[in-house]
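The values are calculated or read from the model by the stated rules, or taken from the named source; none is laboratory data. What you are looking at is a predicted structure, and each value in this text was computed from that prediction instead of being measured. Here the Cβ positions follow ideal geometry from the backbone for every residue, glycine too, while neighbour counts run over all protein chains shown. Ligands, DNA and RNA are stripped out before the accessible areas are found, and what is left, the full protein with its side chains, is counted by its heavy atoms. Shrake-Rupley method; radii C 1.70, N 1.55, O 1.52, S 1.80 Å.
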Amino acid sequence: MSKMEEAKIYVGNIDESARKARELLLGKMKLGRLVDWATAFSLWPVHLTTSCCSTEFAATWSPRFDAEQYGALPWVGSRQTNMIIIEGTVTTKMACALRITWEQMPPPKFVIAMGACSLDGGIFYNSYNIVKPWQVVPVDVYLPGCPPRPETVARAIVTLQRKIREKSIAGKWVEEGWRPDMKYVKPKEDVCSWWRG
Amino acid sequence: MSGEQETVDLEGLVSKALEGINYSISREKGYVEVSVPLESLREAALRLKNAGFDHVKSLTIVDYIKKGEFKAMYIVSSYLSEELSGGLIALSTTVKRDKAKLPSLSDVWISLLFQEREVYEMFGIEFEGHPDLRLLLLAPHIAELKPLRKEFIVKEEPIIRKPK
């Protein structure tokens with residue numbers, strides 16, 4: 001195909017033109033790679049403050065550390081976001097809120113578990129009221145520390161970006177409609193059963 | 001807050017306020033414990049309120065599982081009276097474990113409204129006459145376990161798993 005042919009302008013029947021243009025574009029580049037690239041630089045975390053790690057979370061986006069340079073910006077509602085950073089302890093009641101927030105976000109969506117409490121309970125290890133986040137939502141990156149420093153949070157975002165681009169998670173998610181590499185996408189137990197009564 | 005800095009004679013004040021009520025008083029480190037029987041708890045609370053102790057700092061339950069009883073401690077103090085504000089009084093009573101019911105003192109001290117709800121969910125002790133006795137912090141299936149009672153034992157998981 002010569003360059004003259006590529007620069008063709010399609011006129012006439014719009015359906016026919018759109019079909020031809022799509023074939024031309026998809027023949028050049030996989031759409032999934034474009035989705036991966038775009039998603040990796042627009043990871044917008046939702047504010048889901050469960051505990052004291054949220055101060056470090058706030059400091060990450062403050063002028064000194066400025067995590068916005070990685071293309072991540074905390075946003076207001078779960079409908080406009082595609083990432084959760086779980087900021088600390090998840091109690092039984094908060095597990096329900098976490099799951100609802102995760103369900104509300106549009107795919108492709110990602111989860112970072114931040115702090116010792118969200119890894120294995122931290123200082124609340126072996127408590128009666130603690131739920132580990134991997135029992136509720138699929139977690140992509142674990143981030144140890146009590147609490148982790150802002151550099152660590154920034155590193156986790158970069159790690160997640162690399163993971164999205166190398167494994168082509170977002171692209172496959174869009175193409176296949178569901179995430180292929182995640183085994184435990186649905187929780188084993190109903191975390192909101194107490195709420196429905 | 002207490003100890004050497006304390007200037008007011010709490011024992012004398014309590015004996016004046018609780019005249020005619022069967023009680024026992026003991027000096028502990030940092031506070032004065034006044035034990036009353038369950039029947040006269042409400043009367044003692046009202047009289048302490050009139051004597052100037054206007055709020056409850058905390059309501060705690062001690063679980064004596066071998067004796068089969070709970071000890072309820074109402075730590076009361078004063079905001080309004082400057083001379084009383086240095087002292088703490090622990091108004092305490094005992095209740096049997098199998099009949100775990102206490103009279104609600106939330107109409108005497110309004111700060112007990114939330115503390116009684118917390119005790120209700122953590123220990124399963126009912127407060128008779130409480131206007132709004134609901135769960136405060138826990139989900140219902142956790143509150144059923146009564147997690148702060150002594151018979152509730154958390155299953156211990158080792159941090160390092162033993163190799164099989």
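Only residues in region A:153-169 that are open to solvent by less than 40 Å² (accessible area, probe 1.4 Å) count as the first member; pair them with residues that are among the β-branched types (V, I, T) and not in a helix (DSSP H, G or I), Cβ under 7 angstrom, at least 6 apart or cross-chain, and list the lot.
Matching pairs, first to second residue: A:A156/A:I112; A:A156/A:V141; A:L160/A:I112; A:L160/A:V141.
Can you tell me how many residues within region B:106-123 are among the hydrophobic types (A, V, I, L, M, F, W, C) and not in a loop (DSSP other than H, G, I, E, B)?
Step one: of region B:106-123, the residues among the hydrophobic types (A, V, I, L, M, F, W, C) are B:108-110, B:112-114, B:119, B:122-123.
Now restrict to residues that are not in a loop (DSSP other than H, G, I, E, B): B:112-114, B:119, B:122-123.
Going through region B:106-123 one residue at a time, the tally reaches 6.
Restricting attention to region B:85-105, report how many residues are open to solvent by 10 Å² or more (accessible area, probe 1.4 Å) and in a loop (DSSP other than H, G, I, E, B).
So the count comes out to 5.
Considering only residues that are open to solvent by 20 Å² or more (accessible area, probe 1.4 Å) and β-branched (V, I, T), which ones fall in region B:13-59?
Hits for region B:13-59 are B:I21, B:I25.
Which condition number does B:M73 fail, the rest of (1) open to solvent by less than 30 Å² (accessible area, probe 1.4 Å); (2) touching a helix residue (DSSP H, G or I) at 6+ places or on another chain (Cβ under 7 Å) being met?
Only one criterion in (1) open to solvent by less than 30 Å² (accessible area, probe 1.4 Å); (2) touching a helix residue (DSSP H, G or I) at 6+ places or on another chain (Cβ under 7 Å) is unmet by B:M73, namely (2).
Could you please find all residues in region A:23-54 being over 14 Å from the mean Cα position of the chain (by Cα), outside any loop (DSSP other than H, G, I, E, B) and of a type outside the set (G, A, S)?
Across region A:23-54, the qualifying residues are A:E23, A:L24, A:L25, A:L26, A:K28, A:L31, A:R33, A:L34.
Out of (1) closer than 30 Å to B:L148 by Cα; (2) among the polar types (S, T, N, Q); (3) open to solvent by 40 Å² or more (accessible area, probe 1.4 Å), what's the single condition that is false for A:Q104?
Of the numbered conditions (1) closer than 30 Å to B:L148 by Cα; (2) among the polar types (S, T, N, Q); (3) open to solvent by 40 Å² or more (accessible area, probe 1.4 Å), the odd one out for A:Q104 is (1).
Cβ-Cβ under 6 Å, sequence separation 6+ or interchain: first residue in region B:131-155 and within 7 Å of chain A (Cβ to nearest Cβ), partner among the charged types (D, E, K, R). Which pairs?
Within 6 Å, the pairs are B:L138/B:E121; B:A139/A:K93.
Which members of region B:125-149 meet the condition of being open to solvent by 100 Å² or more (accessible area, probe 1.4 Å) and in contact with a Lys or Arg (Cβ under 9 Å, 6 or more places away or on another chain)?
Hits for region B:125-149 are B:E128, B:R134.
Out of the residues in region A:104-134 that are of a type in the set (S, T, N, Q) and away from chain B (no Cβ under 14 Å), which is farthest from the chain's Cα centre (by Cα)?
Residues of region A:104-134 that are of a type in the set (S, T, N, Q), as a first pass: A:104, A:118, A:126-127, A:129.
Cutting the leftovers down to away from chain B (no Cβ under 14 Å) gives us A:104, A:118.
Values: A:Q104: 12, A:S118: 16 Å.
Result: A:S118.
Scan region A:128-152 for residues that are open to solvent by 10 Å² or more (accessible area, probe 1.4 Å) and aliphatic (A, V, I, L, M) and report the count.
Number satisfying all stated conditions: 4.
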